[in-house]
């Protein structure tokens with residue numbers, strides 16, 4: 001399905017080999033015949049996005065998924081247009097500029113962090129400093145994950161520093177741009193072309209049939225708390241009913 005090379009004498013190398021495969025958590029890998037090598041086809045199918053899109057029907061998740069697809073397509077085009085080889089010491093095949101793993105993580109983390117900062121409201125603990133610390137921890141964890149994945153591509157000899165930095169930079173630029181176009185600008189300027197396009201994507205007959213929604217436009221947490229309260233009310237109601245039956 002996929003593989004990563006590491007130094008058997010180094011536990012640090014083993015840890016980075018595992019971390020470099022963590023984007024697989026967001027996608028599935030398959031076999032590619034390109035240049036007789038085995039490569040992760042992130043472009044083909046991304047089950048984490050698909051599962052979330054089907055379960056939530058959220059506009060934001062669907063657009064984030066679409067941007068990830070577009071980024072992978074751009075990465076493939078750039079690699080075959082520039083045709084820059086990987087470093088001479090690399091055991092991997094295929095073109096190396098820009099690093100697709102770095103670009104993937106750059107897009108994913110930048111888009112998600114912008115969404116968490118501008119739109120999502122976390123459940124509060126009632127202590128402002130603790131809430132802020134929790135949010136900061138989320139941002140730092142996401143950034144650290146992306147940066148360690150990018151570093152692992154250098155440490156494990158898959159890419160040069162330039163290939164990684166360009167890949168990560170392109171990913172971040174795509175994530176920021178796509179979030180601005182799909183979410184921030186339509187919200188700030190609802191009568192602009194971006195707002196009109198978003199309204200069409202959410203309200204057209206096909207989207208209505210598929211029950212596509214924009215939860216964060218209605219609820220600050222995307223509707224998670226409202227759904228939980230509805231579930232809890234029904235759960236308590238059933239428990240009370242069961243208790244009454246046992247008593248009688």
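Read-outs: derived from the displayed coordinates by stated rules, not from any lab. Worth saying up front: this structure is predicted, and the values here are computed from it rather than measured. As a convention, Cβ positions derive from the backbone with ideal geometry for all residues, glycine included, and neighbour counts pool all protein chains shown.
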- Message: Under the 0.36 nm per residue contour assumption, what length would be gained going from the current alpha-carbon distance of residue 208 and residue 224 to full extension?
- Response: 3.7 nm
- Message: Please report the spacing between the Cα centers of the range 170-248 and the range 71-122 in Å, no decimals.
- Response: 28 Å
- Item | residue 65-residue 129 FRET efficiency (beta carbon distance; Förster radius 41 Å; 0.05 resolution) | 0.70
- Task: Provide 212, 61, 138 in ascending order of the number of other Cβ atoms located within 10 Å of each residue's Cβ, fewest first.
- Result: 138, 212, 61
